[in-house]
1. Looking only at the stretch 47-62, which residues are among the hydrophobic types (A, V, I, L, M, F, W, C) and within 12 Å of the ligand (Cβ to nearest atom)?
2. I'd like to verify a number: residues in the stretch 46-67 that are modelled with pLDDT under 95 and in a loop (DSSP other than H, G, I, E, B), how many?
3. Just one of the numbered conditions (1) within 13 Å of the ligand (Cβ to nearest atom); (2) not assigned by TED's automatic domain parsing to the domain that holds Ile7 is not true of Gln234; which one?
4. Of all residues in the stretch 148-190, how many are in contact (Cβ under 8 Å) with a residue 12 or more places away in the chain and either assigned to a loop (DSSP other than H, G, I, E, B) or in the same structural domain as Glu249 (by TED's automatic domain parsing) (or both)?
5. If Leu98 satisfies all but one of (1) within 14 Å of the ligand (Cβ to nearest atom); (2) more than 19 Å from Phe219 (Cα to Cα), what's the number of the condition it fails?
6. List the residue pairs whose Cβ atoms are under 8 Å apart, where the first residue sits in the stretch 299-316 and is free of Cβ contacts under 8 Å to residues at least 40 places away in the same chain, the second is near the ligand (Cβ under 8 Å from one of its atoms), and the two are 6 or more positions apart or on different chains.
7. Go through the stretch 1-29 and give me each residue that's at pLDDT below 95 and either within 18 Å of Val136 (Cβ to Cβ) or of a type in the set (A, V, I, L, M, F, W, C) (or both).
8. Any residue at all in the stretch 156-170 that is surrounded by fewer than 19 Cβ atoms within 10 Å (Cβ to Cβ), modelled with pLDDT of 95 or more, closer than 30 Å to Leu291 by Cβ and aliphatic (A, V, I, L, M)?
Amino acid sequence: MTTLAIIGFGIAGRSLLYTLAKEKKKYSQIYIFHSDDFAFPCTKHSTAIVAPRGVTAGLSALGDLLMDGFNHFSEHVENDVPLGVKKITQYSAATERLGPFKKRYPHGHESLTVGPLHLLDKTYLITERAFMIDPVIYQDWLYSSSKNLPIIDINEFVTQMEKKDQIILTTHSQQKITVDEVVVSAGVYTRFLQGPVKSKPVQGSYLSFKDINLKSDSFSLTLDGDNIVYHADQKILLLGSTSIEAGHELAPMNDLKNIYERLCQKTQMTLPPISEADIFVGLREKAPKRLPYLMSDEKIHFLGGYYKNGFTLALKMAKSLSHRLLGPV
Ligand SMILES: Cc1cc2nc3c(=O)[nH]c(=O)nc-3n(C[C@H](O)[C@H](O)[C@H](O)COP(=O)(O)OP(=O)(O)OC[C@H]3O[C@@H](n4cnc5c(N)ncnc54)[C@H](O)[C@@H]3O)c2cc1C
């Protein structure tokens with residue numbers, strides 16, 4: 001029987017494992033490689049909200065994929081009831097550059113409040129249904145739902161892939177594993193494994209405040225491009241997020257400070273000083289035109305480019321790849 005290696009244990013790798021398990025794909029062994037030490041997963045530092053965000057079907061390949069991905073994820077939530085996923089309201093609001101905003105969101109209205117927040121100025125506002133994901137709980141759920149597969153978990157960084165009759169993988173500690181097929185779903189680090197797509201690393205970061213009681217349900221608000229995410233059950237408030245083309249994880253403190261000041265002013269929230277916030281940084285993989293990719297070089301498959309909406313795209317794209325692997329069951 002066939003052996004498979006998956007390089008990457010973020011949302012891309014785990015959504016693939018879950019899909020293979022659900023579709024009952026039969027492998028004699030599946031090796032899953034990952035390394036938080038050498039390649040910290042973006043997934044663990046994601047704000048992890050998914051919403052349609054005004055995307056209309058039929059206008060672009062990316063728009064169609066995002067819509068499909070969101071609808072597919074909604075069905076997954078209804079049917080499979082995953083842990084770590086909650087329905088919330090996504091508010092999107094603007095006080096400036098209203099022309100393009102209203103074009104994207106034609107069905108809004110003017111308001112002085114958003115959920116529990118009182119805005120300084122009258123704001124054009126729309127609401128959408130959305131999902132708030134706890135990345136760690138949801139990822140663990142995906143993995144525990146895949147346990148019927150013959151998985152060997154290898155906490156090692158793959159440094160080399162050699163194509164012969166089979167594929168020989170070498171890790172940083174010189175372990176060698178030979179397999180029939182490989183999926184590279186290594187996020188921003190795919191570029192170190194001869195990924196076929198010219199992707200760029202883009203850093204995102206946000207502030208996280210503990211013990212915040214807004215006396216409301218969980219929600220997500222995007223206001224003039226800045227984001228507030230409120231986790232009511234954990235009393236955690238996230239403010240962000242930045243997007244900087246950079247391959248390092250040093251937080252851009254000036255940008256975060258500006259976001260903090262803008263949001264405190266516009267929403268009239270009184271928050272603890274910025275020095276009390278925890279700071280999280282992650283590296284996203286931005287492929288050309290922000291289009292996710294699935295490319296195969298014989299028995300090596302490259303899957304990724306999840307810049308935004310990683311959680312919905314990963315499941316949708318995993319399904320496409322699963323149909324390519326081993327064919328229909
Ligand atoms: C601040 C921020 C906010 C975000 N907000 C959202 C949001 O609200 N909604 C949303 O849907 N998305 C959001 N995203 C994007 C989302 O987090 C990403 O699209 C997603 O996490 C990418 O997952 P991935 O599995 O492709 O990569 P990763 O999570 O980075 O996983 C890569 C995996 O590959 C492993 N790896 C890499 N190279 C090797 C190697 N050579 N050998 C072994 N293992 C290797 C790593 O150890 C890791 O396990 C956000 C991202 C950031 C940074």
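1. Ala48, Ile49, Val50, Ala51
2. 9
3. Condition not satisfied by Gln234: (1).
4. Our first condition is that a residue be in contact (Cβ under 8 Å) with a residue 12 or more places away in the chain; within the stretch 148-190, this holds for 148-159, 161, 163, 166-167, 169-173, 175, 177-190.
Filter again for either assigned to a loop (DSSP other than H, G, I, E, B) or in the same structural domain as Glu249 (by TED's automatic domain parsing) (or both), leaving 148-150, 155-157, 166, 172-173, 175, 180, 185-186.
Summing the residues that are in contact (Cβ under 8 Å) with a residue 12 or more places away in the chain and either assigned to a loop (DSSP other than H, G, I, E, B) or in the same structural domain as Glu249 (by TED's automatic domain parsing) (or both) in the stretch 148-190 gives 13.
5. Among (1) within 14 Å of the ligand (Cβ to nearest atom); (2) more than 19 Å from Phe219 (Cα to Cα), the lone unmet condition for Leu98 is (1).
6. Short answer, once both residue conditions are applied: Lys308/Arg284.
7. Passing the criteria: only Met1.
8. Yes: the stretch 156-170 contains one or more residues that are surrounded by fewer than 19 Cβ atoms within 10 Å (Cβ to Cβ), modelled with pLDDT of 95 or more, closer than 30 Å to Leu291 by Cβ and aliphatic (A, V, I, L, M).
The values are calculated or read from the model by the stated rules, or taken from the named source; none is laboratory data. All values reported here derive from a predicted model rather than from experimental measurement. All Cβ positions, even for glycine, are placed from backbone atoms using ideal geometry, and neighbour counts span all protein chains on display.
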